[in-house]
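Trainee: Sharing a structure, written as structure tokens. Questions coming.
The values are calculated or read from the model by the stated rules, or taken from the named source; none is laboratory data. As the structure is a computational prediction, the values presented were derived from the model and not from experiment. Here the Cβ is made from the backbone with ideal geometry for all residues, glycine too, and neighbour counts use every protein chain on show. Heavy atoms of the whole protein, side chains included, go into the accessibility calculation; ligands, DNA and RNA do not. Shrake-Rupley method; radii C 1.70, N 1.55, O 1.52, S 1.80 Å.
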Amino acid sequence: MRSYKYVGKPIPRQDVSKVFGDAIYAYDVKLPGMLYAKLVGSRYAHARIKGIDLSGALRVPGVVRVFAGDDFPFKVGLYAADRDVLARGKTLYYGQPVAGIVAETLQAAEEAAELIEVDYEPLKPVLTIEEALSPDAPIIHEEMSKYRHASFVYPKPGTNIANYLKLRKGDVSEGFRKADVVVEGVYREPLISHAYLENWVGTARVFHDGTVEIWSSHQSPFAVRHLLAASLGLPEGKVIVHHTFTGGGFGGKAGLLLEHIPVLFSMRLGGRPVRLELNREENFFFMAQRAGYLFRMRTGATKEGKLVAHYGEYYLDAGAYADYTVNIGRSVGFVPTGPYEIPNIHVDSVTVYTNKVPTTAFRGFGMQEMHFAFEQQMDKLAQELGIDALELRLRNAIVPGKSYLPTQVRVREDAGDPAGTMKRAAELIRLGKEIKKPKEPWKFRGVGMASFWKGPVQPSNAASSAIVKVNEDGSIDVLVGTGEMGQGTINALAQIVAEELGIPVEKVRVSPARSTDSVAYTWQTVGSRGLFSEGQALLRAIDDLKNQAKEIASLVFRVFRDEVEVSEGKACVKGKPWECITLAEMALGYTLPNGRAIHGPLIGRGSHVPSQTTYLDPETGKGEPKPFMTFGTGAVEVEVDLLTMRVKVLKAVTVLDTPVINPGLALGQVYGGAVMGISITLNEELKVDPEGRLLNPNFTDYKVARAEDIPDEMVAEFLGVGQKNAPYGAKGIGELTMIPWPAAIANAIHNAIGVRINELPITPDKLLQAVMRQRPELLEALEKELLEAS
Amino acid sequence: MASVLHFRTTLPNFTYRRPSSLNELLQLKAELGGEASLLAGGTDLLVDMRSGIRRPKVVVDVKGINELHLLEHTRDRGLVVGASVTLGELGRNELVRFKYPVLYGAIRKLADPSLRERATLAGNIANASPAADSVPPLLVYGAKLELASLRGRRQVPLREFFTGVKKTVMREDEVITKIIIPEPPEGSEGEYFKAVRTSEDLAVVGIAALFANKTEPRERIVRLGFASVAPTPLYMDSVEELFRRDAPINELIKEAIKLVLKEVNPITDVRATKEYRLHLVKYVTAYLLRKYLG
Ligand SMILES: Cc1cc2nc3c(=O)[nH]c(=O)nc-3n(C[C@H](O)[C@H](O)[C@H](O)COP(=O)(O)OP(=O)(O)OC[C@H]3O[C@@H](n4cnc5c(N)ncnc54)[C@H](O)[C@@H]3O)c2cc1C
């Protein structure tokens, strides 16, 4: 990568300080006269509501109103409008909101909560993918045919199927005929939680003219605005969404969350402000979590190690609402394998409803889960073929400009460097080299790798825009619509502005706080698309601004516009560095010596919309789904302790092909992504009992890695192979950093003890079971060592 | 049971009292009995109040009573820990560290540093959780509790204190005033092994092991205490007796494991399966015995 003054430098964040408490979160927003809302949940995973008695709650002093399902006889949602505001007629999961209380204080609302009486007629809950698909399964969404669906979603009313996607490339039976080796596998991941630090909160009010205003904890202010408008039948122009700092999202705060609830309550209460704030348990029940997965795969290769066929049945356990998860079902269907060219692919990806907590997007959008399965298939093939795991990957890696995507379009010439990441990661983890043996005989070490790719899953026309304003002192304010939730995109955008205009980065402000009525539009802050999309819009806005500066200078110095250049915060006539006007001097336009003013304030604007992405064929999936793909490889060294059955990641290596704008923040993403991925691999799971009751809606038993669980050694490299239309070549990395870990760890465990684990999380319980089944001799050795040795 | 699920953010109303003498405290307890809950660090009590498991009318803070802040060591009584002494204080205490390494190890593995600055040793015991980390070490050190009420004071060996999950021999008007941990056996050593899911966790299984006079059968001390393997923390008398026998260590270890496996009765719950807990009990106990005796 060329060397720049600001771009490519680890410049600390320039925006508001969190450490000093300057950052404002949605939780901090309190309005005069504000009321408090409280939701109460169903005691049954699946039941008819025979009656509901709100009278006790209404008698509690301070209670203003109590709402139940029938108060809001419509559904809300994004891709599949399948959500009740409050359960109507039936409850679909344990904990589903059945009533909402509004009171003068939170305590009054909480006192009233216990007095709500619901009369249920329990129904059989559907708790697994297999149960949901069985022909005599109870139907969860009986009125699915009446739901509003996005055009690319294919539900099957009368079943529990929320979306059915087909991907067909080549001829898979022909492919398997050519295969010398075929490996099969069934892989599973449970429902998990995003476990972001900040629980959801939203405060809404309604003006006398019907304008709705809300502050909430979300990722994408404009998506919230659009979906609120669509769900409540309001014009977008009458909805103002305020974005503050968001305390983590990881996909769990994409789209519309619970914003409609305080808005609807406020509407019914004469517009008085209403706040709904969730505590941790409520956040587990009322916010959407991540889907569960089941993959059945068959993958074939020739004895030369060429992949020739892949057959897959993929299932997503979407829980009670599949609103956003239907699109993840599409995502894993369109990118159904790792970053390899496979000529023949046949995949069905089915998103199913169950009576569990609803699900939504999650960092990686299905790619971590799909790679967990596929990258183990690769290692199994390598073993069967007797080819080194790296070598097999290299023989099949996507070659930019030559290979074809599973969706049958050619991979762009400047797509990146998949093979480069594989080689480097293998080198850094010392794949195939001798591993140090721990001194305890019941500890084993192993290494494993997993390659991956991912790009944003977005509508073909997902747009973004940017506005750049110059202030009197020559400083710059940038208005963009991307959400700030810790990733630091806004810092990278500031660096781009500083670089392009040649001004100190301290003079550029990209405020993290924004409102939909005063910043530039962007579709969503998801899919690692922020920098790539906003960055392109911003570069155009800067160009626009520079052109205006050149225009002014050309009038002042009486030269042609293209004789003027903008750098070091000035517009100068080329070759005449004494003929310059600074940005500060023309911030509000320029006043000539005779007092006549020209142009007015400088304000650059830029828009971006991807030009290559297309719709995908409903029968085969053919088309261009993504504006970019980032390629990478992760590798780990693990230690398996058979005494405790715990797996420890000693070293984690990440190699990504893209250049980065800010290596400091990029490393932050890499470390955070690795820790999150490792935590998901080893601990995380939403557990339900046979009645469908969630057993661990808290951090006592939903275990998330802590500081001491971080691997001793984490290594990251960026190869700097950029995509031409990306800002400074930089593609997205936010989600990518957490994709490879489950697969790499599973492969490393196999390398260490010869045991294959197809299901997350890899808990001690599960490892014990697997060792007993696959390598009982390891336990016999432990017995001998500890109980028989003399 | 309420017919809806709800999770409080605020606490229900209660009266807060902060007596400044033990007598005042005992009077309150005598008057209110079970309606008053003692508040030490509150790291169990407040959790239970928010979740609705407990709903005391009166919350009595014990931290205002000087006598309960006592922490002293004498050769004849051992270590005396007042009921308001925090785990943080104990974890920084050099004497605890060098004289009672098994207890020290357990404290350093209990929750995290910030929580330990509030949580007390007395609270950990009184809460009577089968997973209480401080209890197995206190069992192997032969700790006693002093209980007090207006009726008087009595000492109860910790080994006789627990009667079930969250149940103890403490009467409604009684409070723990101090924990008395006798002088450990000369030259003793050992450790607390805590099996966890992540670096901060409640014990999936906890094993305290204390050893002294390893080579002299009749004088040999081998004491094992367990957490999270039964409805109460367990102390294994039978193992202590067994190791007084003059037999090859290997055989004694094998025999000890059999005894231990007979006495434990772990369950499958949200944290782990019974099978895995048994694996831990068996192999980790064997590992500890071998490490110190083998
Ligand atoms: C995040 C978190 C992590 C935790 N991790 C662990 C862990 O790893 N291991 C572990 O063992 N525990 C753990 N705990 C539980 C808890 O912190 C400990 O049990 C702690 O020692 C309790 O002490 P406390 O002073 O906070 O008790 P409190 O909550 O004040 O009291 C606990 C109980 O004892 C009663 N009580 C208090 N003082 C007396 C007295 N003098 N006489 C009679 N009764 C009394 C109270 O009424 C109450 O019933 C954890 C708790 C939390 C919130």
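Trainee: Could you tell me which of the residues A:402, A:436 is among the basic types (Lys, Arg), in a loop (DSSP other than H, G, I, E, B) and more than 23 Å from residue A:640 (Cβ to Cβ)?
Mentor: Details: A:436 fails: more than 23 Å from residue A:640 (Cβ to Cβ).
Answer to the check: A:402.
Okay, residues lined up against (1) touching a strand residue (DSSP E or B) at 6+ places or on another chain (Cβ under 7 Å); (2) more than 11 Å from the ligand (Cβ to nearest atom); (3) part of a loop (DSSP other than H, G, I, E, B); (4) closer than 30 Å to residue A:696 by Cβ:
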residue	(1), (2), (3), (4)
B:163	no, yes, no, yes
B:183	yes, yes, yes, no
B:207	yes, yes, no, yes
B:211	yes, yes, no, no
B:223	yes, yes, no, no
B:226	yes, yes, no, yes
B:241	no, yes, no, no
B:247	no, yes, yes, no
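Trainee: Of the conditions (1) charged (D, E, K, R); (2) within 14 Å of chain A (Cβ to nearest Cβ); (3) within 25 Å of residue B:78 (Cβ to Cβ); (4) away from the ligand (no atom under 11 Å from the Cβ), residue B:197 satisfies every one except a single condition; which number is it?
Mentor: All conditions are met except number (3).
Trainee: Just one of the numbered conditions (1) within 14 Å of chain A (Cβ to nearest Cβ); (2) open to solvent by less than 20 Å² (accessible area, probe 1.4 Å) is not true of residue B:7; which one?
Mentor: (2)
Trainee: Also: For residue A:526, indicate whether it is under 15 Å from residue A:14 (Cβ atoms), modelled with pLDDT under 95, buried (at least 24 other Cβ atoms within 10 Å of the Cβ) and assigned by TED's automatic domain parsing to the domain that holds residue A:472.
Mentor: Spelling it out, it is not the case that residue A:526 is under 15 Å from residue A:14 (Cβ atoms), modelled with pLDDT under 95, buried (at least 24 other Cβ atoms within 10 Å of the Cβ) and assigned by TED's automatic domain parsing to the domain that holds residue A:472.
Trainee: Can you tell me which of A:499, A:484 is more than 30 Å from residue A:255 (Cβ to Cβ) and not assigned by TED's automatic domain parsing to the domain that holds residue A:220?
Mentor: None of the other options fit; the residue is A:499.
Trainee: Another question, if that's okay. I want to confirm something. Restricting to the stretch B:36-51 and keeping residues that are closer than 20 Å to residue B:171 by Cβ and within 6 Å of the ligand (Cβ to nearest atom), which single residue is surrounded by the fewest Cβ atoms within 10 Å (Cβ to Cβ)?
Mentor: Restricting to residues being closer than 20 Å to residue B:171 by Cβ and within 6 Å of the ligand (Cβ to nearest atom), the top hit is B:37.
Trainee: Being over 29 Å from the mean Cα position of the chain (by Cα) and buried (at least 19 other Cβ atoms within 10 Å of the Cβ) is the filter here; which residues of the stretch A:65-85 pass it? Quick ask: steps written out before the conclusion?
Mentor: Filtering the stretch A:65-85 for residues over 29 Å from the mean Cα position of the chain (by Cα) gives A:65-73.
Passing the criteria: A:66, A:67, A:68, A:69, A:72.
Trainee: Here is a follow-up. For the stretch A:699-719, how many residues are away from chain B (no Cβ under 12 Å) and open to solvent by less than 30 Å² (accessible area, probe 1.4 Å)? Walk me through how you get there before you give the answer.
Mentor: If we filter the stretch A:699-719 for residues that are away from chain B (no Cβ under 12 Å), which is where we start, we get A:711-719.
Going one step further and asking which of them are open to solvent by less than 30 Å² (accessible area, probe 1.4 Å), we end up with A:711, A:716.
Total satisfying the criteria: 2.
Table: residues versus (1) at pLDDT 95 or above; (2) in contact with a strand residue (DSSP E or B) (Cβ under 6 Å, 6 or more places away or on another chain); (3) at the interface with chain B (Cβ under 8 Å from one of its Cβ atoms); (4) under 16 Å from residue A:55 (Cβ atoms).
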site	(1), (2), (3), (4)
A:114	no, no, yes, yes
A:122	yes, yes, no, no
A:127	yes, no, no, no
A:138	yes, no, no, no
A:141	yes, no, no, no
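Trainee: Still on this model: Looking at B:109, B:167, B:144, B:99 in this structure, which one is closer than 30 Å to residue B:241 by Cβ and near the ligand (Cβ under 8 Å from one of its atoms)? Step through it out loud before you land on a result.
Mentor: Working: B:167 fails: near the ligand (Cβ under 8 Å from one of its atoms); B:144 fails: near the ligand (Cβ under 8 Å from one of its atoms); B:99 fails: near the ligand (Cβ under 8 Å from one of its atoms).
It is B:109.
Trainee: Residue by residue through the stretch B:69-82, note down the ones that are open to solvent by 10 Å² or more (accessible area, probe 1.4 Å) and within 15 Å of the ligand (Cβ to nearest atom).
Mentor: The answer is B:69, B:70, B:71.
Conditions tested, residue by residue: (1) without any contact (Cβ under 8 Å) to a residue 40 or more places away in the chain; (2) within 24 Å of the chain's Cα centre (by Cα).
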| position | (1), (2) |
| --- | --- |
| A:374 | no, yes |
| A:396 | no, no |
| A:401 | yes, no |
| A:414 | no, no |
| A:421 | no, yes |
| A:440 | no, no |
| A:464 | no, yes |
| A:480 | no, yes |
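Trainee: Follow-up question, since we're still on this one. Among the residues of the stretch A:666-679, which ones are over 19 Å from residue A:706 (Cβ atoms) and open to solvent by 40 Å² or more (accessible area, probe 1.4 Å)?
Mentor: A:667
Trainee: Touching an Asp or Glu at 6+ places or on another chain (Cβ under 9 Å), away from the ligand (no atom under 12 Å from the Cβ) and polar (S, T, N, Q): is that true of residue B:66 in this structure?
Mentor: Details: touching an Asp or Glu at 6+ places or on another chain (Cβ under 9 Å): no; away from the ligand (no atom under 12 Å from the Cβ): yes; polar (S, T, N, Q): yes.
Criteria not met by residue B:66.
Trainee: Closer than 30 Å to residue A:367 by Cα and in a helix (DSSP H, G or I) - does that describe any residue in the stretch A:521-531?
Mentor: Checking the stretch A:521-531: at least one residue is closer than 30 Å to residue A:367 by Cα and in a helix (DSSP H, G or I).
Trainee: If residue A:197 passes every condition in (1) open to solvent by less than 10 Å² (accessible area, probe 1.4 Å); (2) within 27 Å of the chain's Cα centre (by Cα) but one, which one does it miss?
Mentor: (1)
Trainee: When you scan the stretch A:574-614, how many residues do you find that are loosely packed, with under 13 Cβ neighbours inside 10 Å and either over 29 Å from residue A:535 (Cβ atoms) or touching a helix residue (DSSP H, G or I) at 6+ places or on another chain (Cβ under 7 Å) (or both)?
Mentor: Here the count works out to 12.
Trainee: Out of the residues in the stretch A:650-696 that are in a helix (DSSP H, G or I) and within 14 Å of chain B (Cβ to nearest Cβ), which is nearest to the chain's Cα centre (by Cα)?
Mentor: Restricting to residues being in a helix (DSSP H, G or I) and within 14 Å of chain B (Cβ to nearest Cβ), the top hit is A:676.
Trainee: Yes or no: residue A:562 outside the structural domain of residue A:505 (by TED's automatic domain parsing) and without any contact (Cβ under 8 Å) to a residue 24 or more places away in the chain? Talk me through it step by step, then tell me what you get.
Mentor: Working: outside the structural domain of residue A:505 (by TED's automatic domain parsing): no; without any contact (Cβ under 8 Å) to a residue 24 or more places away in the chain: yes.
No; evaluated as a whole, the condition is false for this residue.
Trainee: What residue, of A:255, A:202, A:249, A:233, is crowded, with 22+ Cβ neighbours inside 10 Å and at pLDDT below 95? Can you show your working first?
Mentor: Values: A:202 fails: at pLDDT below 95; A:249 fails: at pLDDT below 95; A:233 fails: crowded, with 22+ Cβ neighbours inside 10 Å.
That would be A:255, the only listed residue that is crowded, with 22+ Cβ neighbours inside 10 Å and at pLDDT below 95.
Trainee: Would you be able to tell me the number of residues in the stretch A:688-698 that are away from the ligand (no atom under 16 Å from the Cβ) and open to solvent by less than 60 Å² (accessible area, probe 1.4 Å)? I'd like the intermediate steps shown before the answer.
Mentor: Within the stretch A:688-698, the subset away from the ligand (no atom under 16 Å from the Cβ) is A:688-695.
Narrowing further to those that are open to solvent by less than 60 Å² (accessible area, probe 1.4 Å): A:688-689, A:692, A:694.
Qualifying residue count for the region: 4.
Trainee: What number goes with the only condition from (1) small (Gly, Ala, Ser); (2) modelled with pLDDT of 95 or more; (3) open to solvent by less than 20 Å² (accessible area, probe 1.4 Å); (4) within 37 Å of the chain's Cα centre (by Cα) that residue A:571 does not pass?
Mentor: It fails just one condition, (4).
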